[in-house]
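*Asks:* Below you will find the structure I want to go over with you.
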Amino acid sequence: MTLDREKPLLRVVLTDVNANVVQAWRAAFADTPEVEIHKGSILTRPADAWVSPTNSRGRMDGGVDAVVKRHLGAGIQLRVQRAIRDQFGAAMPVGSAVCVPSGATNPRFLISTPTMEQSAQDVSETLNVALACAAAFQAIHTQNEREPGSIASVALVGMGAATGRVPARVCANLMWTGYTLFNDYHFRDYDDLRRTIRTQLDDIDSRPEEERVRVTVPTVAGARRSRG
């Protein structure tokens, strides 16, 4: 894990057709004005990367995944599933992500991160939204290390708030947790990311629904400064 002492130069856009999610974002991200919030389809938002919540096998057969697949073409699912096989084997764990070329100019990349293991799974009682959001930003770190500056902007939807049945306020707060973690840390790998989030948020069920939780990771000796 590396400590980010400088804020990453990344334009972050949150956009969703669900007015309740948008309202919840405005409350959760009230003290992060650099994050843009809009009501509307992700298809209308120019960005270097779109984040599409998916299932562990990358089957883009429902929710935003299906919308993105129709927009970008069937080949995008093949690229996502090939990346999953290459990096994770049969299935991608929640709390990890793949970043693939989209084949389009907008966006140039699609980041797929599972909020659930199977399609249309109820994840309302899990930490999956925080894990998925943090993993998406980790994928941006990794892509920008591989090709510096290749992702300077990203658009995200309300993760798990539709098919995953996560309440809008919970979704917004957990996405805030994932975003602030991106601003602070770059993890060695997804195992490190998952372990950290699960340890820190283990008691989240006992906290008020409206409470946001910022993950605080112990400083690692010799950690280098990350450029985001």
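*Asks:* Do you know the relative contact order of the stretch 2-206, to the nearest whole percent, from alpha carbon pairs under 8 angstrom that are 6+ apart? Before the final figure, lay out each step's value.
*Replies:* Details: 396 pairs, mean separation 57.9, N = 205.
In percent, rounded to a whole number, it is 28.
*Asks:* Hey, another quick one. Could you compute the net charge surrounding residue 95? Neighbours are other residues with a C-beta less than 13 Å from the C-beta of residue 95; K and R count +1, D and E count -1. Before the final figure, lay out the partial values.
*Replies:* On the way: positive: 194, 195, 198; negative: 117, 189, 191, 192.
Summing Lys/Arg as +1 and Asp/Glu as -1 gives -1.
*Asks:* Can you compute the modelled spin-label distance between residue 188 and residue 82, with each label point 7 Å from Cα toward Cβ, in nm?
*Replies:* 3.1
*Asks:* Efficiency by 1/(1 + (r/R0)^6): what FRET value for residue 27 and residue 124, r their Cβ-Cβ distance, R0 = 22 Å, to the nearest 0.05? Provide the component values of the computation, followed by the final result.
*Replies:* Working: r = 19 Å, r/R0 = 0.85.
Using R0 = 22 Å, I get an efficiency of 0.70.
*Asks:* Next up: By count of other Cβ within 10 Å, fewest leading, how are 133, 99 ordered?
*Replies:* On the way: 133 29, 99 24.
Listed from fewest to most nearby Cβ atoms, that is 99, 133.
*Asks:* Same structure again: State the antiparallel share, in %, of DSSP beta bridges confined to the chain, rounding to the nearest 5.
*Replies:* Percentage antiparallel, nearest 5: 25.
*Asks:* How many angstrom lie between the C-alpha centres of the stretch 180-200 and the stretch 64-78?
*Replies:* Computed from Cα coordinates, the inter-centre distance equals 28 Å.
*Asks:* Moving on to the next point. Just one of (i) 37, 21, 16; (ii) 31, 22, 14; (iii) 23, 21, 18 is semi-axes √(5λ) of the Cα gyration tensor in Å calculated from these coordinates, so which is it?
*Replies:* Here the calculated entry is (iii).
*Asks:* Can you compute the modelled spin-label distance between residue 104 and residue 91, with each label point 7 Å from Cα toward Cβ, in nm?
*Replies:* 2.9
*Asks:* Now for a different question. Of the listed peptides 150-157, 33-40, 195-202, what is their order by residue-averaged count of other C-beta atoms within 10 Å, with the highest listed first? Display every interim value, and only then the final one.
*Replies:* Details: 150-157: 22.0, 33-40: 13.8, 195-202: 15.8.
Highest to lowest by the protection proxy: 150-157, 195-202, 33-40.
Each reported figure results from applying straightforward, stated rules to the coordinates on display, with no laboratory input. Values in this document were obtained by computation on a predicted structure and should not be read as measured data. Because the Cβ atoms are built from the backbone with ideal geometry, glycine has one as well, and the counts that use them run over all protein chains shown.
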